[in-house]
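K.L.:
Have a look at this one.
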Amino acid sequence: MNGRMTILACIIGFLLDCIFGDPVWMYHPIRVIGNLISVLEKGLRKLLCSRIHASEQEKKNRREVLAGGILWILTVSLSFLVPAVLLFAAGKVHPAVRFLLETFWCYQIFAARCLVGESRKVYQKLKEDDLPGARRVVSMIVGRDTENLTAEGVTKAAVETVAENTSDGVTAPLLFLLIGGAPLGFLYKAVNTMDSMLGYKNEKYLYFGRIPAKMDDVFNYIPARLTAWFMIVAAFLTGMDGKNAWKIYLRDKRKHASPNSAQSEAVCAGALDVQLAGDAVYFGKIYKKDYIGDAIRKIEPEDILRAGKLMYMTTILMMVVFGGLLLWIY
């Protein structure tokens, strides 16, 4: 019975996210996880890394890897256990209280409306021929430097982030929520948040963020591929180029430093008949990247909306298939 109620909570939570998104006035639990990561990082660096002499660089590197690993274990443990205990307590009050709390948490875990909403702001600025405004808005949702991007570059950045975050922000959380409810959903979001905060390959995080970054790859390995496969089906159902989506996916799915990021990007590029990725600037430094997809046509602002449409259809398909499968099992 609990499994069926969890699936229902997940479905309602997704619908609430599609309708309301993330209101700015509502304190989001992911901020709590982010604050926890910051506090643990500061404490573990001080405890394990601060007293090592500068000449002992190898020892310091090992300590940073250890500290990052301890931070990962503590963060995922607390992110799972706290909501699990609260849901258990809510169930003792009344099953309806537990259901309402889990539904609310599922709603907060999804990021579909936020992802589409922020990308549409970029689209609107581009349609108004406000390139500086488009650069400013897109900088809020991508990690690359945006000051010198052309209109085409801004459009590509927005489409890429929708394609990649279809898995990270929507379908991967969906799978974890369906399997383990809000506690497992928060555990996944903790893994994802740690990668976002610590997974940089710079001097500060190269070693400290190594385990969080690797574990994010592990947790996203299956969801990223399932998302890509369902996105190919979604391309056919939405009238996009499903055949090319399949072709580009097979060819370009590994063209990224991450083992997961190019999965849905390749499908999206193929479905839209455009070329994504390529060289990008991060913190003032140019990073060489392979192109994903073929420039069958020039990318345009409307492709941002099409990427959002593809994201929604992919999520609905996965909800129906995996939700239905689990309902049959339960």
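K.L.:
I need the helices (runs of 4 or more DSSP H) fully contained in segment 108-201, keeping only those with at least 3 residues that are of a type in the set (Asp, Glu) and at negative phi. Lay out the reasoning, then the answer.
P.N.:
On the way: elements: 112-127, 131-138, 151-165, 172-198.
Counting at least 3 such residues, we get 151-165.
K.L.:
Separate question: Using the structure shown, decide if VAL65 is out of contact with any His (no Cβ under 9 Å at 6 or more places or on another chain), without any contact (Cβ under 8 Å) to a residue 12 or more places away in the chain, part of a helix (DSSP H, G or I) and under 19 Å from GLY199 (Cβ atoms).
P.N.:
Against the criterion (out of contact with any His (no Cβ under 9 Å at 6 or more places or on another chain), without any contact (Cβ under 8 Å) to a residue 12 or more places away in the chain, part of a helix (DSSP H, G or I) and under 19 Å from GLY199 (Cβ atoms)), VAL65 does not qualify.
K.L.:
Inside segment 45-69, can you point out the residues that are of a type in the set (A, V, I, L, M) and either farther than 22 Å from MET215 by Cβ or in contact with a Leu (Cβ under 6 Å, 6 or more places away or on another chain) (or both)? Please lay out each step first, then the result.
P.N.:
Going residue by residue through segment 45-69, those that are of a type in the set (A, V, I, L, M) are 47-48, 52, 54, 65-67.
Scanning segment 45-69 gives ILE52, ALA54, ALA67.
K.L.:
Can you tell me which residue among ARG144, ARG113 is in contact (Cβ under 8 Å) with a residue 40 or more places away in the chain and under 21 Å from GLN263 (Cα atoms)?
P.N.:
Unique residue meeting the criteria: ARG144.
K.L.:
Right, here's the next one. Can you pull out the residues in segment 302-330 that are closer than 21 Å to THR161 by Cα and either at pLDDT below 95 or among the charged types (D, E, K, R) (or both)? Outline the logic, then answer.
P.N.:
Initially, segment 302-330 is screened for residues closer than 21 Å to THR161 by Cα, giving 302-318.
Scanning segment 302-330 gives GLU302, ASP303, ARG306, LYS309.
K.L.:
In addition: Determine which single condition TYR207 fails, assuming it passes every other condition in (1) surrounded by fewer than 23 Cβ atoms within 10 Å (Cβ to Cβ); (2) in contact (Cβ under 8 Å) with a residue 24 or more places away in the chain; (3) over 21 Å from the mean Cα position of the chain (by Cα); (4) farther than 22 Å from VAL76 by Cα.
P.N.:
If we test TYR207 against (1) surrounded by fewer than 23 Cβ atoms within 10 Å (Cβ to Cβ); (2) in contact (Cβ under 8 Å) with a residue 24 or more places away in the chain; (3) over 21 Å from the mean Cα position of the chain (by Cα); (4) farther than 22 Å from VAL76 by Cα, just (4) comes out false.
K.L.:
I would also like to ask the following. Mind checking which residues of segment 108-146 are hydroxyl-bearing (Ser, Thr, Tyr) and either surrounded by 22 or more Cβ atoms within 10 Å (Cβ to Cβ) or in contact with a helix residue (DSSP H, G or I) (Cβ under 7 Å, 6 or more places away or on another chain) (or both)? Talk me through it step by step, then tell me what you get.
P.N.:
Here is the first cut: in segment 108-146, the residues hydroxyl-bearing (Ser, Thr, Tyr) are 119, 123, 139, 146.
Matches in segment 108-146: SER119, TYR123, THR146.
K.L.:
Which condition from (1) touching a residue at least 24 places away in the same chain (Cβ under 8 Å); (2) in contact with a helix residue (DSSP H, G or I) (Cβ under 6 Å, 6 or more places away or on another chain) is the one that LEU149 breaks?
P.N.:
(1)
The values are calculated or read from the model by the stated rules, or taken from the named source; none is laboratory data. As the structure is a prediction and not an experimental result, all values here were calculated from the model. Glycine gets a Cβ as well: all are built from the backbone with ideal geometry, and neighbour counts include every protein chain shown.
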